[in-house]
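Student: Could you have a look at this structure, given as structure tokens, before my questions?
Where a number appears in this text, it was derived from the coordinates with a stated rule and is not lab data. Quantities reported herein were computed from a predicted structural model and do not represent experimental measurements. Neighbour counts run over all protein chains shown; Cβ positions are idealised from the backbone, glycine included.
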Amino acid sequence: MSSFNLDDHIRKVPDFPKKGILFYDITSILAHPQAFRFCIDSMIALYKDKQIDAVAAIEARGFLFAAPFAVNMKIPLIPIRKKGKLPGITLSKKYDLEYAQAEIEVHQADVPKGKRILLMDDLIATGGTLNAAREILTAGGAEVPEIFGIVALPFLNYEKILAPTPITTLIEYFSE
């Protein structure tokens, strides 16, 4: 990988979504084609020689990175959506947020039994959503050998909830 400075293309928004939180906004990556291309090229370089049968991405920003990656890798994209967005038979999982509960789901038919699925999202914070996604993919009979994120916030201790699955990211921030 090159010495591209991805940090230059990640907008930091103080006090969003609430006071005291520093929000790492990846939409600024999308506004800079060179930064977006760096992310996709980096993902391809990381996984081109690994046995990955599909990529599963978390709604909605995860889709933006997973779609071009899937097309370039010639593998299926499995969307993981918020509850109520998918018709048909789904696998679902409730999980806790800071002050509430959420639920995600995937089409049961889209989870390939016995296949290796790279699970990805744009940003890894506490790991709750990714953990729920990993659980529904494995409940569907797939294997999740690795989790990938563009940005990671290790100070939020996501590794505790996502262990033992290996986690790869392009950039980490160690404080707010």
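Student: Would you compute, from DSSP H runs of 4+ residues alone, the mean residue ellipticity of the chain at 222 nm, taking -39500 (n - 2.57) per run and dividing by the full residue count, rounded to the nearest 500?
Tutor: Values: 5 runs with 49 residues, N = 176.
Value at 222 nm, helices only, nearest 500: -8000 deg cm²/dmol.
Student: What's the longest bit of the chain with no exposed trypsin sites (Lys or Arg not before Pro), using DSSP loop states and at most 14 other Cβ atoms within 10 Å as the test? If you can, show how the numbers build up before the last one.
Tutor: Details: sites that count: Lys18, Lys19, Lys48, Lys50, Lys74, Lys83, Lys85, Lys113.
Counting at most 14 other Cβ atoms within 10 Å as exposed, the longest clean stretch of the chain is 114-176.
Student: Going by the alpha-carbon gyration tensor, a ≥ b ≥ c the square roots of its eigenvalues, is the range 72-163 rounded (a/c under 1.5) or, if a/c is not under 1.5, prolate (a/b greater than b/c) versus oblate? List each step's numbers first, then the result.
Tutor: Working: a/c = 1.83, a/b = 1.24, b/c = 1.48.
In terms of gyration-tensor shape, oblate.
Student: In the set (1) 8.6; (2) 10.1; (3) 13.7, which value of mean projected area of the Cα convex hull in nm² was calculated from the structure you see?
Tutor: It is the one labelled (2).
Student: Please list, by residue number, every one of the chymotrypsin sites (Phe, Trp or Tyr not before Pro) in the range 74-176 that is coil in DSSP and has at most 16 other beta-carbon atoms within 10 Å.
Tutor: On the way: sites: Tyr95, Tyr99, Phe148, Phe155, Tyr158, Tyr173, Phe174; in loops: Tyr99, Tyr173, Phe174.
Sparse-neighbourhood loop chymotrypsin sites (Phe, Trp or Tyr not before Pro): Tyr99, Phe174.
Student: Okay, moving on. Treating the beta-carbon of each Lys and Arg as +1 and of each Asp and Glu as -1, no other charges, what is the dipole magnitude of the range 71-146 about its Cα centre, to the nearest 20 debye?
Tutor: Working: 11 positive and 10 negative charges, 67 e Å.
Value, rounded to 20: 320 debye.
Student: What percent antiparallel are the DSSP beta bridges of the chain, to the nearest 5? Kindly include the intermediate steps, with their values, before the conclusion.
Tutor: Working: 13 of 33 bridges.
Expressed as a percentage, antiparallel bridges in the chain total about 40.
Student: Assuming a ≥ b ≥ c are the square roots of the Cα gyration tensor eigenvalues, decide whether the range 89-133 counts as rounded (a/c under 1.5), prolate (otherwise, with a/b larger than b/c) or oblate.
Tutor: It comes out oblate by the Cα gyration axes.
Student: If you don't mind, there's one more thing I want to ask. If the cut-off is a Cα-Cα distance under 23 Å, which lysines reach Lys18, setting aside same-chain residues fewer than 8 apart in sequence?
Tutor: By straight Cα distance, Lys18 reaches Lys82.
Student: Okay, moving on. Which value, in debye to the nearest 20, gives the size of the charge dipole of the chain about its Cα centre, when Lys and Arg are +1 and Asp and Glu are -1 at the Cβ? Let's see the in-between values first.
Tutor: Working: 20 positive and 21 negative charges, 91 e Å.
Around 440 debye, computed over the chain.
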